[in-house]
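The values are calculated or read from the model by the stated rules, or taken from the named source; none is laboratory data. Remember, predicted model here, so these are calculated numbers, not experimental data. With ideal geometry, Cβ positions are generated from the backbone for all residues, glycine too; neighbour counts draw on all protein chains shown. We work out accessible area using only protein heavy atoms, side chains counted, and drop any ligands, DNA or RNA first. Shrake-Rupley method; radii C 1.70, N 1.55, O 1.52, S 1.80 Å.
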Amino acid sequence: MTRPFVNWARNVRSAPRAWAAPSNEADVAALVQETRARGGRLRVCGSRHSWSPIAASDDVQVELTGLSDVVSVDVDRQTVTVQGGCTLRTLNEALGRHGLAMPILGSITEQAIAGAVATGTHGSSLRHGNLASLIQGLRLVDGRGEVVEIGPDDPRLPGARVHLGALGVITQVTLGVDRAFGLIETRTRWPLDEAADALATLAATHEYVKVWWLPPCDDVLVTTYRRTNELVARSRVEAAWERVANATVFPALLGAGGVIPTLIPSIMRLVDRVHFLPGTRAGQSAEMFTLVMPPRHQETELAFDAAHAGEALRAMRDLVRASGVRLDFLSELRFVKGDESWMSPAYGRDTCQLGMYATHSPDIPRAFAAFRELGRAWDARPHWGKSFETTPEEIDALYPRAADFRALAADLDPDRVFRNPFVDSILGAP
Ligand SMILES: Cc1cc2nc3c(=O)[nH]c(=O)nc-3n(C[C@H](O)[C@H](O)[C@H](O)COP(=O)(O)OP(=O)(O)OC[C@H]3O[C@@H](n4cnc5c(N)ncnc54)[C@H](O)[C@@H]3O)c2cc1C
């Protein structure tokens, strides 16, 4: 029996017929040609860190661990070229060695670059777009098994950035990056309503800002970051404590809530009091943007128009309180600058991405469904890498360039080699 596909959060499983790990582009091309010739399907997985079943295959499951190197770093032009399977961690390390850094990152660096951009992975800033917005060019093996280069002036580039794994096997990506910089982080506690009122100003005046809320508490933790060119390093003791807390203390607390769900609100209030503390700290950008790996949990996330950030945060709080759902992890509000990528949740508008997270709560299905329903009233777009359900009609209404993306996918992959049921649910089945 072949190894099953299981994602990080363990909420997605599939039974691939076979696994493949090509070690160069020619092997990828041969694999695609062979799969196409027998009318099969293949899906590449990055680091399997999506909550949605976007990466899962029930035919051929491809891993790109053999195509995971840094190809070149151009310090003068501030660009880096990496293979599709290169992890963000490897990318950051290479940039650091050359005095460069990603201008924006999400919370972790486990993802492969092609996997991260596929779903619109983002950090939090109204001055920077998601990671896909940094792409200046890429190479892929299309559904005929041919290598396609998409350069900076290619009209297909805005379609290929947030690619959903539906256009081909991405073998190489070139990104624009920054000179290395440090960040000074400042954490402050706010009553949720006051933070909601101040969100527009906070997002406009800080290059990076994010908000954490532990339902059903009254306050939120607002974290802002300011650049510094001074050489700063994060305290090792603090980082070690975070690792221990995330590996032992939080899972134990959250586990107790899983066994006795009535304890969940009290556990959240306790964590709020002892962990959501004001303060400052500093370090190099990559270590400040990212967190120690959190305990295993489930996530759903919606991209609202940034103009509605405060109302959306309040609406989420009101939904949780009115429905009585118990959420046993933080909820998070982040910003993403609007962009031109056809399938980006930030397409054409600055967005506020609001994430609802939970670990063991029995209320997860009810809470996520209610949140999704709330998003419908606000034309909120789903995060492709997180749990959600949708229809092609809904996607057409939310993404003005969805038809162009479908046409690009049909052009690059006429025999639908790169489809799976999840992509069919977005783009439509034959
Ligand atoms: C703990 C945790 C923290 C997270 N933090 C954030 C965050 O801060 N911000 C955020 O926006 N998201 C976040 N995410 C979500 C995550 O960034 C996305 O789901 C991302 O897409 C996962 O990347 P991956 O490499 O694991 O790709 P996978 O989940 O394995 O795959 C994602 C998609 O990429 C495709 N793909 C991968 N490689 C290739 C390739 N070479 N060619 C073609 N298609 C390919 C797959 O087919 C699939 O469609 C987090 C996830 C976890 C588990």
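For segment 49-74, a residue qualifies if it is in contact with a Gly (Cβ under 8 Å, 6 or more places away or on another chain) and either within 20 Å of Val12 (Cα to Cα) or open to solvent by 50 Å² or more (accessible area, probe 1.4 Å) (or both), and the qualifying residues are His49, Ser50, Trp51, Ser52, Ile54, Ala55, Asp59, Val60, Glu63, Leu64, Thr65. Summed over segment 215-228, the residues that are open to solvent by 10 Å² or more (accessible area, probe 1.4 Å), modelled with pLDDT of 95 or more and either touching an Asp or Glu at 6+ places or on another chain (Cβ under 8 Å) or in a strand (DSSP E or B) (or both) give a count of 5.
Only one of the listed residues (Val6, Val44, Val12) is aliphatic (A, V, I, L, M), surrounded by fewer than 16 Cβ atoms within 10 Å (Cβ to Cβ) and within 23 Å of Gly120 (Cα to Cα). That residue is Val6.
Among the residues that make up segment 67-88, is at least one of them among the acidic types (Asp, Glu) and either in contact with a helix residue (DSSP H, G or I) (Cβ under 6 Å, 6 or more places away or on another chain) or in contact (Cβ under 8 Å) with a residue 24 or more places away in the chain (or both)? No, the conditions are met nowhere in segment 67-88. Scanning segment 129-147 for residues that are within 12 Å of the ligand (Cβ to nearest atom) and among the hydrophobic types (A, V, I, L, M, F, W, C) gives Leu131, Ala132, Leu138, Leu140, Val141.
The set of residues from segment 362-388 being open to solvent by less than 40 Å² (accessible area, probe 1.4 Å) and more than 13 Å from Val320 (Cα to Cα) comprises Gly375, Ala380, Arg381, Pro382, His383, Trp384, Gly385, Lys386, Ser387, Phe388. Asp328 passes every criterion in (1) buried (at least 24 other Cβ atoms within 10 Å of the Cβ); (2) under 23 Å from Ala166 (Cβ atoms) apart from (2). Among the candidates Ala195, Ala200, the residue that is in contact with a Gly (Cβ under 9 Å, 6 or more places away or on another chain), assigned to a helix (DSSP H, G or I), open to solvent by 60 Å² or more (accessible area, probe 1.4 Å) and in the same structural domain as Met288 (by TED's automatic domain parsing) is uniquely Ala200. The residues of segment 113-128 that are under 22 Å from Asp69 (Cβ atoms) and either near the ligand (Cβ under 6 Å from one of its atoms) or open to solvent by 10 Å² or more (accessible area, probe 1.4 Å) (or both), listed by number, are Ala114, Gly115, Ala116, Ala118, Thr121.
Taking the conditions (1) more than 21 Å from the chain's Cα centre (by Cα); (2) assigned to a loop (DSSP other than H, G, I, E, B) in turn, Ile184 satisfies each one other than (2). If the Cβ limit is 6 Å and pairs must be 6+ apart or interchain, which residue in segment 270-287 that is open to solvent by less than 10 Å² (accessible area, probe 1.4 Å) pairs with which residue that is aromatic (Phe, Trp, Tyr)? Listed by first residue and then by second, the contacts come to Ser285/Phe181. Can you report the number of residues in segment 139-159 which are touching a Gly at 6+ places or on another chain (Cβ under 9 Å) and open to solvent by less than 10 Å² (accessible area, probe 1.4 Å)? Qualifying residue count, segment 139-159: 6.
Only a single item in (1) at pLDDT below 95; (2) within 19 Å of the chain's Cα centre (by Cα) is not met by Trp378, and it is number (2). Within segment 156-170, at least one residue is touching a strand residue (DSSP E or B) at 6+ places or on another chain (Cβ under 7 Å) and more than 13 Å from the ligand (Cβ to nearest atom).
Yes or no, residue by residue, for (1) over 25 Å from the mean Cα position of the chain (by Cα); (2) assigned by TED's automatic domain parsing to the domain that holds Arg296; (3) more than 10 Å from the ligand (Cβ to nearest atom); (4) at pLDDT 95 or above:
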site	(1), (2), (3), (4)
Val12	no, no, no, yes
Ala15	no, no, yes, yes
Trp19	no, no, yes, yes
Asn24	yes, no, yes, yes
Val28	yes, no, no, yes
Ala37	yes, no, yes, yes
Arg41	no, no, yes, yes
Ile54	no, no, no, yes
Ser57	no, no, no, yes
